[in-house]
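Undergrad: Please see the structure below; I have some questions.
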Amino acid sequence: MALTPENWRYKDQLITEISDMPEGTYGFIYRVTHLPTKKKYIGKKVLFFKRNVKLGKKETEQLKEERKSQGIRGRVPSKKEVIKESDWKTYYGSQTEIKDLVKKSKPEDWSRDILEWCSNKKMLTYYEIKHIFINDALENGDFLNDNILGKFYKKDFK
């Protein structure tokens, strides 16, 4: 598969599947660039979402029978944890200005680069902040980032 703007890149390597990433990757730090305006954004993306889903009647009854046959007593859980792959393949960012630009443009107008692989949630947040500071993203007008952790805002520098 050719290197195209609608795919993710990591050091000129095309990333199209989770199997293209290092083993144990929890998420990644990314930089998207809107090529016509040269505006950039640094963010983080997780690869999987965990959700609690309510069990249906059939599942609840089946679980009751299984627990009974195994001699397990007590209340039957009403929810189960479901892990689902995130929308990382089609993701550009959650910031409002990025979303608006994506709606008005085509995939060829974008460059999507992975800057760092992360193995857990804590490191994901740390490296996102690190890259925002390294690139001076709040003070640099080329970046659309407008805050860090909801504590430091671009408007504070004006």
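We did not get these values from a lab; they are worked out from the coordinates using the rules stated. From a predicted model like this one, the values you see are computed outputs, not experimental measurements. For neighbour counting, all protein chains shown are included, and Cβ atoms are generated from backbone atoms with ideal geometry for every residue, glycine included.
Undergrad: Using mean Cβ contacts within 10 Å as the protection proxy, how do 135-145, 86-96, 11-21, 110-120 order, highest first?
TA: 110-120, 135-145, 86-96, 11-21
Undergrad: While we're here: Consider the candidate values [x] 190; [y] 135; [z] 180; state which one is volume of the Cα convex hull per residue in Å³ computed from the structure displayed.
TA: [z]
Undergrad: Subtract the Cα-Cα distance of GLU97 and LYS151 from 0.36 nm times their separation in residues, and report this length gain in nm to one decimal.
TA: Contour length minus the Cα-Cα distance gives 17.5 nm.
Undergrad: Can you compute the charge dipole magnitude of the chain about its Cα centre, using +1 on each Lys and Arg Cβ and -1 on each Asp and Glu Cβ, nothing else charged? Give it in debye, rounded to the nearest 20.
TA: With only Lys, Arg, Asp and Glu charged at Cβ, the dipole is about 1000 debye.
Undergrad: For the chain, what does the helix formula give at 222 nm: sum of -39500 (n - 2.57) over DSSP H segments with n ≥ 4, over the residue count, nearest 500 deg cm²/dmol?
TA: That comes out to -7000 deg cm²/dmol.
Undergrad: In addition: According to a simple spin-label model (label point 7 Å from Cα along Cα-to-Cβ), what is the distance in nm between ILE83 and GLU61?
TA: 3.1
Undergrad: Another question, then. Please list the non-local residues whose amide H lies under 5 Å from the amide H of TYR10, H modeled 1.01 Å from N, same-chain partners needing a gap of 5 or more.
TA: Answer set, sorted by chain and number: ILE15, ILE114.
Undergrad: Same structure again: Going by alpha carbons, how many degrees (0 to 90, nearest 10) lie between the helix axis of 121-134 and the longest principal axis of the chain?
TA: Approximately 10 degrees, to the nearest ten.
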